[in-house]
Amino acid sequence: MNICEQLKLILWYEGKSQTRLAQKAGVSVSTVNSYVNGRYKPNIGTVELLLKAMGYKLKVVKDDGEDTDI
């Protein structure tokens, strides 16, 4: 599952609209829509911003199982 699919899934799971996410993240609705529908892929900073706006944080897990917060 790519990041665009994951953002879409989190929106669905949280019952949030793209409009609400855009408002909380300070980006346009068309930007969120482009990411959620896979037209564009957000950079890592934008992913972090969008996740934070939904109450999540980005975490990287090494193959050895150790967590690293970003």
Inset, instruction - Considering every residue within the range 53-64, establish whether at least one is in contact with a strand residue (DSSP E or B) (Cβ under 6 Å, 6 or more places away or on another chain), aliphatic (A, V, I, L, M) and open to solvent by 60 Å² or more (accessible area, probe 1.4 Å). - result: yes
Legend entry - Matching entry among LEU9, LEU50 (being open to solvent by 80 Å² or more (accessible area, probe 1.4 Å) and hydrophobic (A, V, I, L, M, F, W, C)): LEU9
Inset, instruction - Take ARG39 and decide whether it is modelled with pLDDT of 95 or more, under 18 Å from MET1 (Cβ atoms) and open to solvent by 70 Å² or more (accessible area, probe 1.4 Å). - result: yes
Legend entry - Pairs with Cβ under 8 Å, 6+ apart, first in the range 1-30 and free of Cβ contacts under 8 Å to residues at least 24 places away in the same chain, second open to solvent by less than 70 Å² (accessible area, probe 1.4 Å) and in a loop (DSSP other than H, G, I, E, B): ALA22/SER28
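The values are calculated or read from the model by the stated rules, or taken from the named source; none is laboratory data. Only a predicted model underlies this, so the values are computations on that prediction, with no experimental measurement involved. Glycine also receives a Cβ, built like all others from the backbone with ideal geometry; neighbour counts cover every protein chain displayed. Surface accessibility is based on the protein's heavy atoms, side chains included, excluding ligands, DNA and RNA. Shrake-Rupley method; radii C 1.70, N 1.55, O 1.52, S 1.80 Å.
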